Amino acid sequence: MTSGYCKIIELPKIHDTRGDLTFVEGGVHLPFDIRRVYYLYNIPVDSERGGHAHKELEQVVFALSGSFRIQVDDGYQKKIYELRDPRKGLYISRLIWREMTDFSQGAVCMVLASHYYDEADYYRDYGEFLSVARKRPK
Ligand code: TYD
């Protein structure tokens, strides 16, 4: 997979005896300005989420609590990331099919997104995604 398509972004951590503090600034720690934040919680451990790609949207996904796996697929290659550190988010560019599984009990997933929600930005059909994704360089 081309390295810029998906990568781990590590955020700063301010540690003292009161606990840890992590912050994120759009356009500074992320390659986009944050337009939307959403989070997944009360997730059954056998849940499968994702199963789509985006035409334009870029995202960074964090496990704020617990852990889960994300398989990313650029149409040529698949790679699995396990997220469990609230400091380390997975950046996912446009045109990446993602599937999220193996949620731990009580996992909380936070997503920072480059655009407002728009159902028209989704590819929910894998065949349709593949035909577009394979037109861009490996
Ligand atoms: P979806 O993106 O398919 O969830 P996941 O990738 O976690 O499986 O979204 C699930 C539903 O929630 C779908 O009906 C669209 C809606 N939704 C919004 O209304 N706004 C949002 O910001 C998001 C992410 C989803």
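Every read-out reported here was derived from the displayed coordinates using simple, explicitly stated rules and does not represent laboratory data. Computed from a prediction, not measured in an experiment: that's the story for all the values here. Positions of Cβ are generated from backbone atoms using ideal geometry, with glycine treated the same way; all protein chains shown enter the neighbour counts.
Details
- Distance between modelled label sites at TYR116 and TYR39, nm, 7 Å Cα→Cβ extension: 2.3
- Separation between Cα centres of region 74-118 and region 1-63, rounded to whole Å: 7
- Counted by neighbouring Cβ atoms within 10 Å, the residues THR2, THR101, THR17 run from fewest to most as THR17, THR2, THR101.
- Rounded to the nearest Hz, the phi-derived 3J(HN,Hα) couplings of region 35-45 under the Karplus curve 6.51 cos²θ - 1.76 cosθ + 1.60 (θ = phi - 60°) are 9, 8, 10, 9, 9, 10, 7, 6, 8, x, 5, where x marks glycine and proline.
- Estimated D of the chain in µm² per second, where Rh is the Kirkwood radius over Cα pairs and Stokes-Einstein applies at 20 °C, 1.002 mPa s: 138
- Backbone amide hydrogens, once placed in the peptide plane, bring GLU58 within less than 5 Å of SER114, HIS115, excluding anything fewer than 5 places away on its chain.
- LYS79-LEU130 pseudo-label distance in nm [points 7 Å out on the Cα-to-Cβ vector]: 2.1
- Cα→Cβ-extended label distance, 7 Å offset, between HIS52 and THR101, nm: 2.0
- Mean residue ellipticity at 222 nm, helices only, the chain: -1500 deg cm²/dmol; runs of at least 4 DSSP H residues each add -39,500 (n - 2.57), and the sum is divided by the number of residues.
- As a rough footprinting exposure proxy, the listed residues MET1, MET100 were ranked by other beta carbons within 10 Å of their own, and the order from fewest upward is MET1, MET100.
- Given LYS55/LYS135; LYS7/LYS78; LYS13/LYS79; LYS79/LYS138, the pairs whose alpha carbons are separated by over 23 Å: LYS13/LYS79
- Binning the alpha carbon pair distances of region 75-138 at 10 angstrom intervals from zero yields the distribution 15, 44, 35, 6, expressed in whole percent.
- Residue-wise HN-Hα couplings along region 129-138, as the Karplus relation 6.51 cos²θ - 1.76 cosθ + 1.60 with θ = phi - 60° gives them from phi, are 4, 4, 5, 7, 4, 6, 8, 9, x, 5 Hz; Gly and Pro carry x.
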